[in-house]
Amino acid sequence: MEAVRQRHQCPERVLFFWPKDFTFVCPTEIAEFGRLNSEFADRDAQVLGASVDNEFVHYAWRIQHADLLDLPFPMLSDLKRELASALGILSQDGVAQRVTFIVDPDGVVQFAMVTAGDVGRNVSEVLRVLDALQTDELCACNWQKGQPTINAAELMTQAA
């Protein structure tokens, strides 16, 4: 258990990209990350949102959209598209794809999810995966926090 606690001294990061500001699906996701931000913080995870729009566009969008006004996490600008390009998520039309990453304290991507541009992501699923990753155990399909994890050694012993 000490290794698990030690691993989580540095925060994990949940980095999500959306294609463009002033669109219709994106603010629903951004607002949901905002609503669940305390759940991520309780798990020592920092939420970061990003698009290729600049900080002025972010600001204009936030002051015009009630759900984006008081976000508890930063909206990052990847105006030069360096991060989106490095991550391989820049679409052919020059915007970031709708992608979510969970990055561990060592900077290693442990989870990546890409959804179609017209389909919003499930923020609760990102939280569920974060919970599973933080167990440092094997987690079955549809595993939920509080459920037992898979004990491979026990299963191997039973099989023998």
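Between 136, 93, 106, 131, which is within 21 Å of residue 24 (Cβ to Cβ) and either at pLDDT 95 or above or more than 13 Å from the chain's Cα centre (by Cα) (or both)?
Answer to the selection: 93.
Please enumerate the residues belonging to region 41-64 that are open to solvent by less than 70 Å² (accessible area, probe 1.4 Å), within 21 Å of residue 22 (Cβ to Cβ) and in a helix (DSSP H, G or I).
Once the filter is applied, which keeps residues that are open to solvent by less than 70 Å² (accessible area, probe 1.4 Å), within 21 Å of residue 22 (Cβ to Cβ) and in a helix (DSSP H, G or I), region 41-64 yields 57, 58, 60, 61, 62.
Restricting to region 121-145, what's the tally of residues that are closer than 18 Å to residue 98 by Cβ, free of Cβ contacts under 8 Å to residues at least 24 places away in the same chain and outside any helix (DSSP H, G or I)?
Residues meeting the conditions: 1.
Condition (residue is closer than 30 Å to residue 142 by Cβ, surrounded by fewer than 18 Cβ atoms within 10 Å (Cβ to Cβ) and in contact with a Pro (Cβ under 7 Å, 6 or more places away or on another chain)) applied to region 67-84: is it met by at least one residue?
Yes: one or more hits.
Got at least one residue in region 124-136 being open to solvent by 20 Å² or more (accessible area, probe 1.4 Å) and closer than 15 Å to residue 18 by Cα?
No.
Restricting attention to region 21-34, which residues are in a helix (DSSP H, G or I) and either of a type in the set (Gly, Ala, Ser) or free of Cβ contacts under 8 Å to residues at least 12 places away in the same chain (or both)?
31, 34
The values are calculated or read from the model by the stated rules, or taken from the named source; none is laboratory data. Here the structure is a predicted model, which is why all the values come from computation and not from measurement. Quick reminder, even Gly has a Cβ in these numbers, built from the backbone with ideal geometry, and neighbours come from all protein chains shown. Heavy atoms of the whole protein, side chains included, go into the accessibility calculation; ligands, DNA and RNA do not. Shrake-Rupley method; radii C 1.70, N 1.55, O 1.52, S 1.80 Å.
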